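Nothing in this text is a laboratory measurement; each read-out follows from the coordinates by a stated rule. None of these values were measured; they are calculated from a predicted model. Reconstructed Cβ throughout: ideal geometry from the backbone, glycine too, with neighbour counts over all protein chains shown.
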Amino acid sequence: MNDPLCGPCARASGFRKPIPEDFYEDADLRAALENYDFGPVFAAVRQHTGLTQLQLADLLGLSQGRISAVERGERRLINVRTAARLATVLRIPASLLGFPASHTVTGDVIDKEVSWLERRDFLSLVTAATLGSSLNPELARLGSLLPGQVEPVTRSRIGAADIDAIEAVTEGFRRSATAHGGGLCRAAALTQLHQVRRLEDAPCSPEIRTRLLVAIANLARIAGWHAYDVDDHDAARRLWTYALDTARRADDHPHAPGLTVHVLLNMAHQALHLERASEALHLVQLASATAANRKHPVSTVTQGYTSAILGCCRAALGEPEPTHRALGQALETYAAADPAATPPWTKFVTDVAIAGQQGYSLYLLSLSRPEFAPQAIEKLTSAATGYGAEYERTRALTLPPLASVQFQAGDIDAAVATGYDAVNAITGLSFTRGYARLRVLDTVAAPHHGKPEVAELREHIRTALTTAA
């Protein structure tokens, strides 16, 4: 219970009589406060203290018109900060307004934000959030009310449902990244990773333990890919290294070797992006050795993906014959794959993705051997037109290489059109990795700068690069 306003303080505030300690014991007032209906409260306070509407308005920091409207039942005061201020001035017990009774109300803020389980205007706020922010002023500060880092709930034991939840969240992060770029959910994925890591010490069966480790490793892999998407290469490598170590500790799980291979191939992908082809080749070779030396075989799709990345490495090194051998092996392996038997981290491997992998390898070859441009155009066009909205990031990354090989093949009109599409797609996503491919496109387009349409495209590319920087 808040202390009642003392006699001298009440008189200084314009009260003729102080508010007694039991003032809000009245059943009608308690019912009104429970519904945030301050009309009866204002009327009762004014009757008891002798305040006019104008005096009460000055005391509460409201307008006289608003006091009048509330008393007539035409307006409601549901803002939690306004309610806190009224509770302070009128000495309304905090518990009657849905605030925790153990917390005091000071000034116009609550010492501790009212629990969203206890606030009585929750449904009103949810309705406002659903229908539009103009309906409730609280929505403007929702960002400041989001929970920060919190201690995880102590678990006496974890089970299959907990692992299912981690896997579902990880899949959500993966889908968000492929559709919108990894920058959008990067912080959320890292926060989730920090939380689930703390479950490692929770009691569980050996089977659940290995599933947990695989789930954590895959979440770390996705978080690493998010970092890679925004060119935080150091963070990506640290996360992927952690994923490798965690997957290793789950070696008894049948999917652990395949996950380990995919993490290594992610690292190889990054090395290719950084133009470290020899390093990428070493990582692919390590992935192949890992797949061969684990007690559980990796999936057929994983084997095919390993060959595809090997083809990219050979292409980046300017080796046409080894490139074609690797791509042929990838196609042969993919053809034998059973989609129903593939783990979640291979879901991106579709016919469209396979065409994109082939096209990208041929594009890398074409940078030093332009005769490979026509083959690259066929594969990259198939990929660019085949990716749906759920793979918009991959489509965006496919467009600059496609425009580049179109320039090399002499199809200037198509190259310019694809180039504009590439800039618009990349700048519309939450990632920075695609800008490196725009720089290569600008270089490939340079010999055609004499054409006005090419000069305009290059200016468009440079504007995008400058803005991103």
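Quick notes on this structure:
- Around Ala403: net Lys/Arg minus Asp/Glu count, Cβ-Cβ under 12 Å: -2
- Alpha carbon centroid spacing (whole Å) that separates the range 426-468 from the range 161-206: 35
- For the peptides 62-68, 32-38, 257-263, residues were scored by their other Cβ atoms within 10 Å and the scores averaged per peptide; the highest-first order is 257-263, 32-38, 62-68.
- Within-11-Å neighbourhood charge of Ser361 [Cβ basis; K, R +1; D, E -1]: +1
- Of the residues His273, His180, His194, His226, the one with the fewest other Cβ atoms within 10 Å heads the list, and the complete ranking is His194, His273, His180, His226.
- Straight-distance crosslink candidates among aspartates and glutamates, where the alpha carbon sits under 14 Å from Lys295 and sequence neighbours closer than 8 are dropped: Asp251, Asp252
- Separation between Cα centres of the range 391-424 and the range 362-378, rounded to whole Å: 13
- Ranked packing of 373-382, 324-333, 292-301, most packed first, by mean Cβ within 10 Å: 373-382, 324-333, 292-301
- Summed residue charge, Cβ within 13 Å of Asp442's Cβ, Lys/Arg positive, Asp/Glu negative: +2
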